[in-house]
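The values are calculated or read from the model by the stated rules, or taken from the named source; none is laboratory data. What you are looking at is a predicted structure, and each value in this text was computed from that prediction instead of being measured. Backbone-built Cβ (ideal geometry, glycine too); neighbour counts: all protein chains shown. Remember, those area values only see protein heavy atoms, side chains included, never the ligands or the DNA or RNA. Shrake-Rupley method; radii C 1.70, N 1.55, O 1.52, S 1.80 Å.
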Amino acid sequence: MCCTRMSMMNHICTALLFTAFAQSPKDANYDESKVGNYTLPDPLKLHNGQAVTAADIWRAQRRPELLRLFATHMYGNSAPKPAKIEYEVTTRAAKALGGAGMRREITVWLTGKRPGPSMQLLVLLPAAAKGPSPVFLGPNFGGNHAISADPGITLAKSWLRPGKGVENNRATKDGRGGEASRWQAEMVLKQGYALATIHYSEIFPDHKDGLGDSIIPKLYRDGQTSQEPDDWGAIGAWAWALSRALDYIEKDKDLDARRVAVLGHSRLGKTSLWAGAQDERFSIVISNDSGEGGAALARRNFGETVERINTSFPWWFNANFKSYNKRVEHLPFDQHMLLALIAPRPLYVASAQEDLWADPRGEFLAAKAADPVYRMLGTDGLPAKEMPSVNQPVHGTIGYHMRSGKHDVTAYDWEQYLAFARKHWGR
Ligand code: GTR
């Protein structure tokens, strides 16, 4: 009302409005002394207080309990796996990337029925493979064609995020290779691994009105017409689609389904963690700069917060999660327990020094707080007492590094992931 009176008032109103939406990356807390005191819930204690002293209690009780809690209060419950997998290999090219690899494109029908909603899976395989290749699988932002300048990759047709779309990708006019530096396809293939990707937008277009065009309503239960407070959101849907990509990988005899690393950057790092937590077929899980809602502890007031993420991106998590905006200490878990759900499988958490919004220390501390579960399950966990210095990777069953530089995926990050995979998978 006040805004209609006079132009000076208009200015004041604009300023007030700006304050209401404040706590942007610029004015979030970046002062370690203002993080606040918090107590992390114990991953090795059942919700009823009973101690988890052995692997069988973890497996039979605590792991399912934690999965339920994360689904109910944060990522939402996903649709079940389709009764059968329906797919078609649409491209089988013996030469890709100028001869360094082979290319396969696959349509995967997401409800297990064709015709129906589908996604395009791109797989680049090493040309010199002597047997089934282990795979790095992750979702991409800019379309499958953005991960490599290989002119044979089919151009994405789905919604492209402004600034990430064809018109803005730098590598070529049509956007080919716009994200190539984040995927390092040549490096991956040269070391004998396959690279597989899906375009996240085909599953859930990443904007506030994306739900209607997403896979979610297509998988509503009989009679369901709208979202329940504990139903899945975008991250749940992207994670679920990674499992559908793995369903295909299990069918392809040139790919080694027992050695699939799931990885993602930023919001897609949150996604790879949730995918890896739920689906134990993923043998390695990698989070690149996943931050709030990913590897970073929610209870630390540093960088992005639960309230901020729920305000900026309400479609990522379920409705229940919003009730924790102002009482994060009441969450029945923190993100170290998401990491613990990956145990005893190898897990890699990577941060970037300048990526304060994602809280590098909070990511390290979460990995460290997952360590007792890894150790209880008989692994060496994260063999680092203190946070390692910049560019000093630590590779135990949990790997961690803080790279110099900003929020991104770089060749340095990939060098670590490939070395970590070699350590755990062998050559
Ligand atoms: C930011 C968001 C982060 C992170 C990032 C990204 O705007 O606040 O949680 O996910 O986007 O995905 O690039």
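Does region 296-308 contain at least one residue that is outside the structural domain of Val373 (by TED's automatic domain parsing), charged (D, E, K, R), closer than 24 Å to Phe364 by Cβ and not in a loop (DSSP other than H, G, I, E, B)?
There is no residue in region 296-308 that is outside the structural domain of Val373 (by TED's automatic domain parsing), charged (D, E, K, R), closer than 24 Å to Phe364 by Cβ and not in a loop (DSSP other than H, G, I, E, B).
Could you identify the single residue in Gln191, Gln227, Gln184 that is open to solvent by less than 60 Å² (accessible area, probe 1.4 Å) and either touching a Leu at 6+ places or on another chain (Cβ under 8 Å) or of a type outside the set (Phe, Trp, Tyr) (or both)?
Going through Gln191, Gln227, Gln184 in turn, the sole match is Gln184.
Just to be sure I understand the filter: pairs with C-beta atoms under 9 Å, separated by 6 or more residues or on different chains, first member in region 19-31 and more than 13 Å from the ligand (Cβ to nearest atom), second member in a loop (DSSP other than H, G, I, E, B) and at pLDDT below 80. Which pairs pass?
Close Cβ pairs satisfying both conditions: Asn29/Gln23.
Six or more apart or on different chains, Cβ atoms under 8 Å: show the pairs whose first residue is in region 255-282 and farther than 26 Å from Met102 by Cβ and outside the structural domain of Phe204 (by TED's automatic domain parsing) and whose second is open to solvent by 10 Å² or more (accessible area, probe 1.4 Å) and of a type in the set (A, V, I, L, M, F, W, C).
Arg267/Phe313; Gly269/Leu263; Ala277/Leu67; Gln278/Leu67
Cβ-Cβ under 8 Å, sequence separation 6+ or interchain: first residue in region 306-318 and within 11 Å of Lys208 (Cα to Cα), partner within 8 Å of the ligand (Cβ to nearest atom). Which pairs?
The qualifying pairs are Phe313/Arg267; Trp316/Arg267; Trp316/Lys270; Trp316/Gly293; Trp316/Ile309.
If only one of Ala370, Ala421 is closer than 25 Å to Met187 by Cα, surrounded by 17 or more Cβ atoms within 10 Å (Cβ to Cβ) and either at pLDDT below 95 or among the small types (Gly, Ala, Ser) (or both), which one is it?
Ala421
May I ask you to verify whether Gly293 is within 16 Å of the ligand (Cβ to nearest atom), touching a Pro at 6+ places or on another chain (Cβ under 8 Å) and not in a helix (DSSP H, G or I)?
no
On the given criteria, is Tyr38 in contact with a Leu (Cβ under 6 Å, 6 or more places away or on another chain) and open to solvent by 60 Å² or more (accessible area, probe 1.4 Å)?
So Tyr38 does not fit the description; no.
Does at least one position in region 90-110 carry a residue that is closer than 30 Å to Glu329 by Cβ and surrounded by fewer than 17 Cβ atoms within 10 Å (Cβ to Cβ)?
No, that holds for no residue.
State the number of residues belonging to region 306-345 that are open to solvent by 20 Å² or more (accessible area, probe 1.4 Å) and more than 13 Å from the ligand (Cβ to nearest atom).
13
Are any of the residues in region 207-226 part of a helix (DSSP H, G or I), under 18 Å from Ile147 (Cα atoms) and either at pLDDT 95 or above or out of contact with any strand residue (DSSP E or B) (no Cβ under 9 Å at 6 or more places or on another chain) (or both)?
No, region 207-226 has no match at all.
Every residue in region 399-427 that is assigned to a strand (DSSP E or B) and β-branched (Val, Ile, Thr), please.
Listed by number, the list is empty, since nothing qualifies.
Within region 358-380, does at least one residue satisfy the condition of being out of contact with any Leu (no Cβ under 8 Å at 6 or more places or on another chain), over 25 Å from Gly405 (Cβ atoms) and either outside any loop (DSSP other than H, G, I, E, B) or outside the structural domain of Leu67 (by TED's automatic domain parsing) (or both)?
yes
Would you check which residues across region 404-414 are surrounded by fewer than 24 Cβ atoms within 10 Å (Cβ to Cβ) and of a type in the set (D, E, K, R) and list them?
Lys406, Asp408
Restricting to region 44-74, count the residues that are in a helix (DSSP H, G or I) and closer than 16 Å to Ile342 by Cα.
Total meeting the criteria: 17.
Just need a number here: residues in region 391-427 that are in contact (Cβ under 8 Å) with a residue 12 or more places away in the chain, under 23 Å from Trp357 (Cβ atoms) and not hydrophobic (A, V, I, L, M, F, W, C).
Summing the residues that are in contact (Cβ under 8 Å) with a residue 12 or more places away in the chain, under 23 Å from Trp357 (Cβ atoms) and not hydrophobic (A, V, I, L, M, F, W, C) in region 391-427 gives 16.
Which of (1) outside the structural domain of Ala298 (by TED's automatic domain parsing); (2) open to solvent by less than 40 Å² (accessible area, probe 1.4 Å) is the odd one out, the single condition Leu44 does not satisfy?
Looking at each condition in turn, Leu44 falls short on (1).
Please go through region 257-285 and pick out each residue that is away from the ligand (no atom under 16 Å from the Cβ) and open to solvent by 10 Å² or more (accessible area, probe 1.4 Å).
Ala257, Arg258, Arg259, Gln278, Asp279, Glu280, Arg281, Ser283
For region 198-224, what are the residues that are touching a Lys or Arg at 6+ places or on another chain (Cβ under 8 Å) and crowded, with 24+ Cβ neighbours inside 10 Å?
Across region 198-224, the qualifying residue is only Ser201.
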